[in-house]
Amino acid sequence: MHRLSSVLLIVPCLIGAAAATTDDNNFVVIRAPRIALTHVKVIDGTGRAAVATRTIVIEAGRIVALGPTASTPVPPGAEVLDLPGHTVIPGLVGMHNHLFYAVPPGRPDEYVTSTRTFPRLYLAAGVTTLRTAGTFDLAADADVKRRIDAGQEPGPELYLTSGYFHRAAGPPDAARIEKLIDEQQEAGATSFKAYTSLRRDELAALIDGAHRRGLRVAGHLCAVSFREAADLGIDSLEHGLFTDSGIFSARTPDRCPDPSALAQIMAGVDINGDTVKQIIADLVENRVAVVSTLALLESLAARSGVVDVRMRTVLAPQIRDRWEQTSVGLADRRAGLAVWERVLTQEMAFERAFVSAGGLLMAGADPTGWGCCVAGFMDQRNIELLVEAGFTPEQAISIYSANGAAFLSVADRIGTLAVGKQADLVIIRGDPASRVEDIRNVVIVFKNGIGYDSARLIDSVAGRVGIAEHTNPIMQLLANTGLHPILVRMIFFGGTALVVVILLAAIQGRMARRRRRRT
Ligand SMILES: [Zn+2]
């Protein structure tokens, strides 16, 4: 029964994939030389309070006027969208937004590439720029970036991060790291991902190599503490304080403590105490940014209400059951997960303290964990959680737009709404400044002055998330059967090798026959 339903699914999936391959025009609702948005509320991304009844004029992909509707004329020939009851915010800048998905229940070997569906979901949620912050398939990420840049796929502007840099089996080897940096840069990475097991000497070599090339390092660290990494010159620390082994007084340098022990420490650490104060002071002094991923933390805490109903529509049918079961299982074990709820509130307090001290806080979806959440929806949830942490909705949006733009050194172009800026903006039904959950009601997303239909983008991935996404149609066909990603690769490459062997044998046989005929 299960197998049959999998096979039956192939046909609609293939049709869907074929229909979705052409170009991003299918999703464009407005593209005009001049566009005026009138009677909108504006949250400009600077953190300042929202202002009502504005007009925004867009021309050739730029904002050319922004002011009170009463005193900002609509230029002749402009296409007008009159939007009372709507709010406009800057396009979001996601700083930890992978193009892969963790299949529930989130075993480490079950990440699938989501390079076709996730860019659409990010864009649909209002994310117009993102940094991938680590990948298992840089070539696939680079491929979709090329397609987006060429207008063949809808999606945000992508800043590609390398694969994960792990601790080497032997002693630290700077030459090996240098070689890896070269390869990943060649493949399109503009930042590098340092991962948990990496040691100080290895991290130092990575930072040094990246900085010599004018590139950046993002760290989800563990063996190296935040203060050590700040001292080495790291650029951003991912996830926040609960990944800092520096709060663990019994730590051994260059060793990652047991993560559950670290969670216990985090649950009890005094955020206003000297240890954390010193960590924050070091990060601020060394201009190390922190990337908030509160929605991921929340998914570990398995709070009630964490499940986003929209997940059911986008997940592939063969994943949906596992997703339901995992979320129900976690909810049943909620008592045992209380420590993560405490870690979440502690992390919120840390992020507020970090910002109060002058730190640059950014945010991202990080669609990992147990597969709870996907691209875009998770970014919106993060904004809600930043507000729960004590930021105003305007500040939360600024963290998610202006701060990422500043870090990427593109604040003169994107991140805030002002005359002269690129027209990356999001039209939202409702008023997230007073009801933050309205952030989910995205109607149209403008990227570079072109308006995309949010609902149409989401519809185009319905039932498709959670299956590995390949540009090769045969690999896609295999993946759609619901086979394990590793099995799909084995069958594909095994099959290809077999065909090559048969062809070679046939050619050789034919040549041998010819030789015999000649003699
Ligand atoms: Zn991540």
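Determine whether Gly85 is away from the ligand (no atom under 15 Å from the Cβ) and free of Cβ contacts under 8 Å to residues at least 60 places away in the same chain. Answer is no for this residue.
There is at least one residue in region 478-496 that is crowded, with 24+ Cβ neighbours inside 10 Å and either β-branched (Val, Ile, Thr) or farther than 30 Å from Phe192 by Cβ (or both). Go through the residues of region 249-262 one by one and say whether even a single one is under 21 Å from Leu160 (Cβ atoms) and in the same structural domain as Leu360 (by TED's automatic domain parsing). No, every residue in region 249-262 fails to be under 21 Å from Leu160 (Cβ atoms) and in the same structural domain as Leu360 (by TED's automatic domain parsing).
For region 257-275, filtering for residues that are away from the ligand (no atom under 16 Å from the Cβ), farther than 13 Å from Gln346 by Cβ and within 28 Å of the chain's Cα centre (by Cα) leaves 4. Screening Arg34, Arg3 for residues that are modelled with pLDDT under 95 and either outside the structural domain of Gly404 (by TED's automatic domain parsing) or surrounded by fewer than 14 Cβ atoms within 10 Å (Cβ to Cβ) (or both) leaves exactly one candidate, Arg3. For region 121-133, the count of residues that are surrounded by fewer than 24 Cβ atoms within 10 Å (Cβ to Cβ), under 20 Å from the mean Cα position of the chain (by Cα) and either more than 16 Å from the ligand (Cβ to nearest atom) or over 25 Å from Val461 (Cβ atoms) (or both) is zero.
Taking first residues from region 212-229 that are under 15 Å from Met95 (Cα atoms) and within 16 Å of the ligand (Cβ to nearest atom) and partners that are of a type in the set (D, E, K, R) and part of a loop (DSSP other than H, G, I, E, B), the Cβ contacts under 9 Å between residues at least 6 apart in sequence or on separate chains come to Arg216/Asp235; Val217/Asp235; Ala218/Asp235; Gly219/Asp235. Specify the residue that is farthest from the ligand (Cβ to nearest atom); the eligible residues are those in region 232-256 that are of a type outside the set (A, V, I, L, M) and touching a strand residue (DSSP E or B) at 6+ places or on another chain (Cβ under 9 Å). My answer is Gly233.
The residue that is farthest from the ligand (Cβ to nearest atom), among those in region 377-402 that are assigned to a loop (DSSP other than H, G, I, E, B) and closer than 17 Å to His239 by Cα, is Ala389.
Only residues that are in a loop (DSSP other than H, G, I, E, B) and either of a type outside the set (Ser, Thr, Tyr) or outside the structural domain of Ser409 (by TED's automatic domain parsing) (or both) were counted in region 171-195, giving 6. Annotation: of all residues in region 350-376 being of a type in the set (A, V, I, L, M) and within 30 Å of Phe118 (Cα to Cα), the one that is nearest to the ligand (Cβ to nearest atom) is Ala365.
Those residues that are within 15 Å of the ligand (Cβ to nearest atom) and closer than 21 Å to Ser454 by Cα, I need them from region 97-116; list them, please. Result: Asn97, His98, Leu99, Phe100, Tyr101, Ser114. Residue count for region 144-172 satisfying the condition of being acidic (Asp, Glu) and surrounded by 15 or more Cβ atoms within 10 Å (Cβ to Cβ): 2.
Of all residues in region 476-507, exactly one satisfies the criterion of being over 30 Å from Val309 (Cβ atoms) and either in the same structural domain as Thr117 (by TED's automatic domain parsing) or among the hydroxyl-bearing types (Ser, Thr, Tyr) (or both), namely Thr496.
Scan (1) crowded, with 24+ Cβ neighbours inside 10 Å; (2) among the hydrophobic types (A, V, I, L, M, F, W, C); (3) away from the ligand (no atom under 14 Å from the Cβ) for the single condition Ala139 breaks and write down its number. Looking at each condition in turn, Ala139 falls short on (1).
For the residues Arg381, Arg435, Arg352, Arg429, the requirement of being surrounded by fewer than 23 Cβ atoms within 10 Å (Cβ to Cβ), out of contact with any strand residue (DSSP E or B) (no Cβ under 8 Å at 6 or more places or on another chain), under 25 Å from Val314 (Cβ atoms) and modelled with pLDDT of 95 or more singles out Arg435. Condition check for Asn480 on (1) within 22 Å of the chain's Cα centre (by Cα); (2) in contact (Cβ under 8 Å) with a residue 40 or more places away in the chain: one failure, at (1). Residue count for region 276-334 satisfying the condition of being within 16 Å of the ligand (Cβ to nearest atom) and in a helix (DSSP H, G or I): 7. Which residue is farthest from Ala210 (Cα to Cα), if the candidates are limited to region 112-170 and must be charged (D, E, K, R) and assigned to a helix (DSSP H, G or I)? For region 112-170, the residue satisfying everything is Arg120.
Whether any residue in region 356-373 is free of Cβ contacts under 8 Å to residues at least 60 places away in the same chain, within 22 Å of the chain's Cα centre (by Cα) and outside any loop (DSSP other than H, G, I, E, B) is what I want to check. No, every residue in region 356-373 fails to be free of Cβ contacts under 8 Å to residues at least 60 places away in the same chain, within 22 Å of the chain's Cα centre (by Cα) and outside any loop (DSSP other than H, G, I, E, B).
When Thr161, Thr117, Thr128 are screened for being over 27 Å from Ala411 (Cβ atoms), touching a residue at least 40 places away in the same chain (Cβ under 8 Å) and either of a type in the set (Gly, Ala, Ser) or out of contact with any helix residue (DSSP H, G or I) (no Cβ under 7 Å at 6 or more places or on another chain) (or both), only Thr117 passes. Scanning region 422-464 for residues being more than 21 Å from Pro33 (Cβ to Cβ), aliphatic (A, V, I, L, M) and not in a loop (DSSP other than H, G, I, E, B) gives a total of 9. Only residues that are within 16 Å of the ligand (Cβ to nearest atom) and not hydroxyl-bearing (Ser, Thr, Tyr) were counted in region 179-211, giving 5.
For region 467-488, the tally of residues that are assigned to a loop (DSSP other than H, G, I, E, B) and touching a strand residue (DSSP E or B) at 6+ places or on another chain (Cβ under 6 Å) stands at 2.
The values are calculated or read from the model by the stated rules, or taken from the named source; none is laboratory data. Only a predicted model underlies this, so the values are computations on that prediction, with no experimental measurement involved. Counting neighbours? That spans all protein chains shown, and the Cβs are built from the backbone with ideal geometry, glycine included.
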